[in-house]
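Here is the structure we will look at, set down as structure tokens.
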Amino acid sequence: MNVAKRTVAVLGGGAAGFFGAIACAEANPSLRVVLIEKTSKLLSKVRISGGGRCNVTHAADTAAQLVQHYPRGAKQLKEAFKQFGALDTVRWFERRGVRLKTEPDGRMFPATDSSETIAQCLLEAARRAGVEILLQTTAERITQLSAGGFELTLTGAYAQTLPVMRLLVATGGAPKAEQYEWLRQLGHTVQEPVPSLFTFNVPNSPLRELPGVSVPRARVRVSGEKLEYEGPVLVTHWGVSGPAVLKLSAWGARRLHELQYQSTTLINWIPDHTEDTLRQYLVEFRELHGKKVVASNPLFGLPQRLWRTLTEQAGVGLETRWNELPAKLQNRLIEGLLRTALPVRGKTTYKDEFVTCGGITLGEINMQTMESRRVPGLHFAGEVLDIDGITGGFNFQAAWTTGYLAGRAMSTL
């Protein structure tokens with residue numbers, strides 16, 4: 001039998017590529033599975049994820065729960081998650097000796113709190129399954145063969161011509177549209193890639209003296225847009241970050257790109273209050289605590305430094321008591337509490353974790369097998385697809401799911 005008919009290749013040594021290669025090799029041990037990585041490093045994103053702890057997935061019992069966390073790809077992922085969801089991921093790692101733990105916010109990490117545990121598990125699973133790994137090797141050219149399959153022209157450390165029957169592309173997201181040109185040449189449509197999951201740069205921030213201050217629950221909104229998100233907010237040296245900002249950047253990735261990352265972002269530090277309820281609260285507070293000094297007695301559980309800054313910006317003197325506070329200054333304080341305005345001028349990638357919104361159009365993919373509807377034998381997995389999730393383990397779950405489905409499908413030659 002032709003060697004090509006027993007060979008499948010995987011491009012990309014990240015989470016999706018490894019999962020696909022392992023799934024394929026385990027499902028059909030008679031196949032030759034070759035994983036090709038252009039750099040000298042494997043699973044680099046796995047290793048840096050979650051501050052070196054690796055946020056493997058998110059606690060979710062059903063596909064319906066999972067898909068709520070994907071700004072792009074939710075509808076198409078629903079059936080895929082029914083085949084391999086978060087519970088399947090947990091079981092997959094547990095069967096290979098890695099126990100996952102769930103944090104209060106639903107994020108799941110290895111019990112060791114070390115991303116190396118996950119990386120080593122994947123490397124060992126690939127080794128046991130007989131996956132061949134070619135490092136520092138690039139697929140310079142991909143040629144479709146008339147008899148079926150592909151011919152890969154490899155350059156670098158393992159330069160050769162490699163005929164394969166099936167090919168999985170798991171090369172991750174790319175920041176520039178031209179980096180997808182080779183996939184267009186294979187007949188696919190690519191949604192323009194733009195960044196997702198980023199923090200906001202605020203060079204002239206009214207909060208610039210407060211780096212490190214965090215509020216567990218605030219509402220972040222882009223003025224003039226239907227974009228808002230609620231959750232923890234962190235003040236940084238360069239602007240604002242935290243889950244609320246990151247998730248807002250994901251849901252608003254395309255619109256924020258159109259705005260060239262120039263906007264006015266409004267932060268409501270006390271999202272349980274409207275202007276009316278806040279005014280009523282302050283009326284009652286003044287009656288009971290009129291002699292308290294405004295600036296030195298934070299309300300609503302807000303950090304002292306943030307409260308002091310908001311009172312200063314409202315023009316409230318350091319010794320002013322509540323029963324001495326003029327209505328004009330109270331109005332300014334209310335404005336600051338409900339609508340601190342930040343002039344956003346740019347973005348910063350979050351902790352080196354680059355996530356793209358964009359990639360291969362999902363309508364061109366069979367989401368049960370991750371096979372191209374346009375090119376038989378060509379499969380896709382991970383961020384190269386127009387799929388992205390918010391923070392919390394969702395991007396990895398999409399990688400595990402799409403990689404697994406692609407690998408299983410490729411095994412049935």
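The values are calculated or read from the model by the stated rules, or taken from the named source; none is laboratory data. Remember, predicted model here, so these are calculated numbers, not experimental data. We place every Cβ from the backbone using ideal geometry, glycine too, and count neighbours over all the protein chains shown.
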Margin query: Going through Thr264, Thr320, Thr311 one at a time, which residue ends up being among the hydroxyl-bearing types (Ser, Thr, Tyr) and more than 22 Å from Val240 (Cα to Cα)?
Written below: Thr320
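What strands (runs of 3 or more DSSP E) lie completely within segment 89-171 and have 1 or more residues being closer than 30 Å to Asp61 by Cβ?
Details: elements: 100-102, 107-110, 132-134, 137-144, 150-156, 160-164, 166-169.
Fully inside segment 89-171 and qualifying: 100-102, 107-110, 166-169.
What's the total number of residues in segment 55-77 that are under 13 Å from Thr89 (Cβ atoms) and either in the same structural domain as Leu248 (by TED's automatic domain parsing) or at pLDDT 95 or above (or both)?
At the first step, the residues of segment 55-77 found to be under 13 Å from Thr89 (Cβ atoms) are 55-61, 63, 66.
Then keep just the ones that are either in the same structural domain as Leu248 (by TED's automatic domain parsing) or at pLDDT 95 or above (or both); that gives 55-60, 63, 66.
So the count comes out to 8.
Among Ala218, Ala159, which is the only one that is small (Gly, Ala, Ser) and closer than 19 Å to Lys38 by Cβ?
On the way: Ala218 fails: closer than 19 Å to Lys38 by Cβ.
Exactly one of Ala218, Ala159 is small (Gly, Ala, Ser) and closer than 19 Å to Lys38 by Cβ, namely Ala159.
If the requirement is being in the same structural domain as Asn395 (by TED's automatic domain parsing) and either in contact with a Cys (Cβ under 7 Å, 6 or more places away or on another chain) or more than 18 Å from Ala16 (Cα to Cα) (or both), which of these qualifies: Ala139, Ala157?
On the way: Ala139 fails: either in contact with a Cys (Cβ under 7 Å, 6 or more places away or on another chain) or more than 18 Å from Ala16 (Cα to Cα) (or both).
Exactly one of Ala139, Ala157 is in the same structural domain as Asn395 (by TED's automatic domain parsing) and either in contact with a Cys (Cβ under 7 Å, 6 or more places away or on another chain) or more than 18 Å from Ala16 (Cα to Cα) (or both), namely Ala157.
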Item checked: Among (1) on the phi > 0 side of the Ramachandran plot; (2) in a helix (DSSP H, G or I), the one test that Cys54 misses -> (2)
Checklist line | Single residue of segment 274-309 satisfying the filter (of a type in the set (Ser, Thr, Tyr) and under 20 Å from Glu209 (Cβ atoms)) that is surrounded by the most Cβ atoms within 10 Å (Cβ to Cβ) | finding: Thr309
Next item on the list: Report, by residue number, each residue of segment 11-43 that is in contact with a strand residue (DSSP E or B) (Cβ under 8 Å, 6 or more places away or on another chain) and within 13 Å of Thr138 (Cα to Cα).
Entry: Leu11, Gly12, Gly13, Val34, Leu35, Ile36, Glu37, Lys38
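In segment 19-35, what residues are β-branched (Val, Ile, Thr), crowded, with 24+ Cβ neighbours inside 10 Å and outside any helix (DSSP H, G or I)?
The initial filter retains those residues of segment 19-35 that are β-branched (Val, Ile, Thr), namely 22, 33-34.
Narrowing further to those that are crowded, with 24+ Cβ neighbours inside 10 Å: 22, 33.
The one that is β-branched (Val, Ile, Thr), crowded, with 24+ Cβ neighbours inside 10 Å and outside any helix (DSSP H, G or I): Val33.
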Item checked: Residue identified as among the small types (Gly, Ala, Ser), in contact with a Gly (Cβ under 8 Å, 6 or more places away or on another chain) and within 30 Å of Asp386 (Cα to Cα) among Gly252, Gly231, Gly239 -> Gly231
Margin query: Filter segment 181-216 down to the residues that are surrounded by 15 or more Cβ atoms within 10 Å (Cβ to Cβ) and under 20 Å from the mean Cα position of the chain (by Cα) and list them by number.
Written below: Val190, Gln191, Pro193, Val194, Pro195, Ser196, Leu197, Phe198, Thr199, Phe200, Asn201
Notebook entry, point to check: When you look at Val316, is it outside the structural domain of Ala177 (by TED's automatic domain parsing), surrounded by 21 or more Cβ atoms within 10 Å (Cβ to Cβ) and either modelled with pLDDT under 95 or not in a strand (DSSP E or B) (or both), yes or no?
Noted result: yes
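Name the strands (runs of 3 or more DSSP E) wholly within segment 195-253 that hold at least 1 residues that are of a type in the set (Lys, Arg)? Walk me through it before giving the result.
Values: elements: 198-201, 214-222, 228-235, 239-241.
It comes to 214-222.
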Next item on the list: Starting from segment 173-184, take each residue that is in the same structural domain as Gln144 (by TED's automatic domain parsing) and list its partners that are part of a helix (DSSP H, G or I), counting only C-beta distances under 9 angstrom and pairs at least six apart or across chains.
Entry: Gly173/Gly382; Gly173/Glu383; Gly173/Val384; Ala174/Tyr180; Ala174/Glu383; Ala174/Val384; Tyr180/Val384; Leu183/Val384
Next item on the list: State all residues of segment 281-311 that are farther than 26 Å from Gly231 by Cβ and part of a helix (DSSP H, G or I); if no residue qualifies, say none.
Entry: Val283, Glu284, Phe285, Arg286, Glu287, Leu288, His289
Next item on the list: Scan segment 342-360 residue by residue and report those that are touching a Pro at 6+ places or on another chain (Cβ under 8 Å), modelled with pLDDT of 95 or more and among the hydrophobic types (A, V, I, L, M, F, W, C).
Entry: Leu342
Notebook entry, point to check: Of all residues in segment 74-92, which are touching a strand residue (DSSP E or B) at 6+ places or on another chain (Cβ under 7 Å) and surrounded by fewer than 22 Cβ atoms within 10 Å (Cβ to Cβ)?
Noted result: Val90
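Which one of these is more than 30 Å from Gly252 (Cβ to Cβ), among the basic types (Lys, Arg) and surrounded by 19 or more Cβ atoms within 10 Å (Cβ to Cβ): Arg141, Arg166, Arg219? Talk me through it step by step, then tell me what you get.
Working: Arg141 fails: surrounded by 19 or more Cβ atoms within 10 Å (Cβ to Cβ); Arg219 fails: more than 30 Å from Gly252 (Cβ to Cβ).
Arg166 is the lone residue from the list that is more than 30 Å from Gly252 (Cβ to Cβ), among the basic types (Lys, Arg) and surrounded by 19 or more Cβ atoms within 10 Å (Cβ to Cβ).
Would it be correct to say that Glu132 is of a type in the set (Asp, Glu), at pLDDT 95 or above and over 22 Å from the mean Cα position of the chain (by Cα)?
On the way: of a type in the set (Asp, Glu): yes; at pLDDT 95 or above: yes; over 22 Å from the mean Cα position of the chain (by Cα): yes.
Considered against the rule, which asks whether it is of a type in the set (Asp, Glu), at pLDDT 95 or above and over 22 Å from the mean Cα position of the chain (by Cα), Glu132 comes out as yes.
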